[in-house]
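Peer 1: Here's a structure for you.
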Amino acid sequence: MGPDALTLTRTFHFSAGHRLVSPAVSEEENRTLYGPCFRPHGHNYLLEVTVGGQPDPHTGMAADLNALESAVRRAVLDLVDHRNLDADVPALTGIITTGENLAQAFWGMLSQALPAGVLRRVAVVETANNTFEYCGERSDGDAE
Ligand code: NI
């Protein structure tokens, strides 16, 4: 079995405020580019964290859910819940807080908090219509 044969996904939620502003363009262009997202607003986000592993022969479980819960809480949720993502979170300084960028940033924060190699996927569900997924750097498998 390959390392991705079995995965487990746990869903977390947090609420946070933000607005989308690109420093590269004018206020008028930002208004056009981001529409209502240019104005301060908030989301009730879902954060889906997927880890891979093999079931332990004694417990039948592939991951320690308590350890996963506390790692995600410490590495991400405690830092972002009920915060302004654009001002209150040092790990997000300098990024435009789109779902795409949040998924990548959370991947970086989580990969340091979890055992090496177990993180498979991070998904940021911003609204019922928009989900952003990041699965790490793509590797060709035989190239490296
Ligand atoms: Ni938004």
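The values are calculated or read from the model by the stated rules, or taken from the named source; none is laboratory data. All figures in this text were calculated on a predicted structure; none of them were measured in a lab. Here the Cβ is made from the backbone with ideal geometry for all residues, glycine too, and neighbour counts use every protein chain on show. Keep in mind that these areas ignore ligands, DNA and RNA; they rest on the heavy atoms of the full protein, side chains included. Shrake-Rupley method; radii C 1.70, N 1.55, O 1.52, S 1.80 Å.
Peer 1: Go through the residues of region 97-111 one by one and say whether even a single one is open to solvent by 20 Å² or more (accessible area, probe 1.4 Å) and either farther than 20 Å from Cys135 by Cα or more than 13 Å from the chain's Cα centre (by Cα) (or both).
Peer 2: no
Peer 1: What about Gly60, is it surrounded by fewer than 11 Cβ atoms within 10 Å (Cβ to Cβ) and either in contact with a Ser or Thr (Cβ under 9 Å, 6 or more places away or on another chain) or not in a loop (DSSP other than H, G, I, E, B) (or both)?
Peer 2: no
Peer 1: Now, a different point. Yes or no: region 50-60 includes at least one residue that is closer than 22 Å to Asn129 by Cα and either away from the ligand (no atom under 14 Å from the Cβ) or at pLDDT 95 or above (or both).
Peer 2: yes
Peer 1: Here are some conditions: (1) within 17 Å of Glu126 (Cα to Cα); (2) in a loop (DSSP other than H, G, I, E, B). Pro55 meets all but one. Which one does it not meet?
Peer 2: (1)
Peer 1: Another one. Taking region 78-96, which residues are part of a helix (DSSP H, G or I) and surrounded by 16 or more Cβ atoms within 10 Å (Cβ to Cβ)?
Peer 2: Those that are part of a helix (DSSP H, G or I) and surrounded by 16 or more Cβ atoms within 10 Å (Cβ to Cβ): Leu79, Val80, Leu92.
Peer 1: Out of Arg19, Arg10, report the one residue that is within 16 Å of the ligand (Cβ to nearest atom), under 21 Å from the mean Cα position of the chain (by Cα) and open to solvent by 30 Å² or more (accessible area, probe 1.4 Å).
Peer 2: Residue meeting the stated conditions: Arg19.
Peer 1: If we scan region 39-46, do we find a residue that is touching a residue at least 60 places away in the same chain (Cβ under 8 Å), touching a His at 6+ places or on another chain (Cβ under 9 Å), away from the ligand (no atom under 16 Å from the Cβ) and not basic (Lys, Arg)?
Peer 2: Scanning region 39-46 turns up no residue that is touching a residue at least 60 places away in the same chain (Cβ under 8 Å), touching a His at 6+ places or on another chain (Cβ under 9 Å), away from the ligand (no atom under 16 Å from the Cβ) and not basic (Lys, Arg).
Peer 1: Separate question: Being away from the ligand (no atom under 16 Å from the Cβ) and farther than 26 Å from Asn130 by Cβ is the requirement here; does Asp78 meet it? Walk me through it before giving the result.
Peer 2: Values: away from the ligand (no atom under 16 Å from the Cβ): yes; farther than 26 Å from Asn130 by Cβ: no.
In short, no.
Peer 1: Being free of Cβ contacts under 8 Å to residues at least 24 places away in the same chain, part of a helix (DSSP H, G or I) and more than 16 Å from the ligand (Cβ to nearest atom) narrows it down to one residue among Glu69, Glu28; which is it?
Peer 2: Numbers: Glu69 fails: free of Cβ contacts under 8 Å to residues at least 24 places away in the same chain.
The match here is Glu28.
Peer 1: Moving to a separate point now. Among residues belonging to region 118-144 that are more than 17 Å from Thr9 (Cβ to Cβ) and more than 15 Å from the ligand (Cβ to nearest atom), point out the one that is modelled with the highest pLDDT.
Peer 2: Going through the qualifying residues, I end up with Glu137.
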